[in-house]
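Heads up, the thing below is written out as structure tokens.
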Amino acid sequence: MQAKRLSLALFLLILLFASNALPTRKVRTRKPCKSLVFYFHDIIFNGKNSKNATSAIVGAPVWANKTILAGQNHFGDLVVFDDPITLDNNLHSSPVGRAQGVYFYDSKSIFTAWLGFSFVFNSTQHKGSLNFAGADPLMNKTRDVSVIGGTGDFFMVRGVATLTTDAFEGEVYFRLRVDVNLYECW
């Protein structure tokens, strides 16, 4: 009986030393297969700027109208947009495509929205589209949304887009910097 205990203790001791002697695995950090930076410019229709507007409120709670965003963190407003995408933060730069989609404000208690949109490209640099979806807690300096696919040059890509509010002018204009990191490229 004592021999069994001794051999068991010896076995456990060897096992303990062997497990500490094994090389530790390094956590593999994935590097993006492609990184891009774009800016998109949103000019909300306010009843007076129809020539320049690139987005419009299409759904609003009963206490609001469709030319002024609702109070209470704009809760309930649904906005459709067709915004120019540029390679720099200048609204008057040549667009490389359009950001097309929707965002809706989905909380009374915090300033946040949910986004679903595509970057539709038709330039000499890029052809096709990138598709995005996710929550946008607007008060955070940076926010991540999922890149959930694409077409053309971006066929079936996946990744993460980091959004940063680059500029805003009241409730009429905002510009987002979009840092796209793709981790699955075909």
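The values are calculated or read from the model by the stated rules, or taken from the named source; none is laboratory data. Given the structure is predicted, the values throughout are model-derived calculations rather than measurements. Virtual Cβ from ideal backbone geometry, glycine too; neighbours counted across all protein chains shown. Note: areas computed on protein heavy atoms with side chains; ligands, DNA, RNA excluded. Shrake-Rupley method; radii C 1.70, N 1.55, O 1.52, S 1.80 Å.
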Original post:
Helix-derived [θ] at 222 nm for the chain: sum -39500 (n - 2.57) over DSSP H runs of at least 4, divide by residue count, nearest 500?
Top reply: -4000 deg cm²/dmol
**OP:** Find how many whole Å separate the alpha carbon centroid of region 107-125 from the alpha carbon centroid of region 87-104.
**Re:** 10 Å
Original post:
Kirkwood-based Rg over Rh for region 92-158 (C-alpha set), two decimals?
Top reply: 1.05
**OP:** Quick one: which residues, 5+ away or cross-chain, put their amide H under 5 Å from the amide H of Tyr173? H built at 1.01 Å from N.
**Re:** Ile44
**OP:** Using the heavy atoms of the protein chains and a 1.4 angstrom probe, tell me the accessible area per residue for region 52-186 in square angstrom.
**Re:** 51 Å²
**OP:** Would you work out the relative contact order for region 68-152, in percent, from Cα pairs under 8 angstrom that are 6 or more residues apart?
**Re:** 22 percent
Subject >> Gaussian network model of the chain, springs between alpha carbon atoms under 10 Å - residue of Pro84, Pro61, Pro95 with greatest fluctuation >> reply: Pro61
Original post:
With charges only on Cβ, +1 for K and R and -1 for D and E, what is the dipole size of region 33-117 about its Cα centre, in debye, rounded to 20?
Top reply: 120 debye
Original post:
Going by average Cβ neighbours within 10 Å, how do the peptides 136-146, 98-108 rank, with the highest at the top?
Top reply: 98-108, 136-146
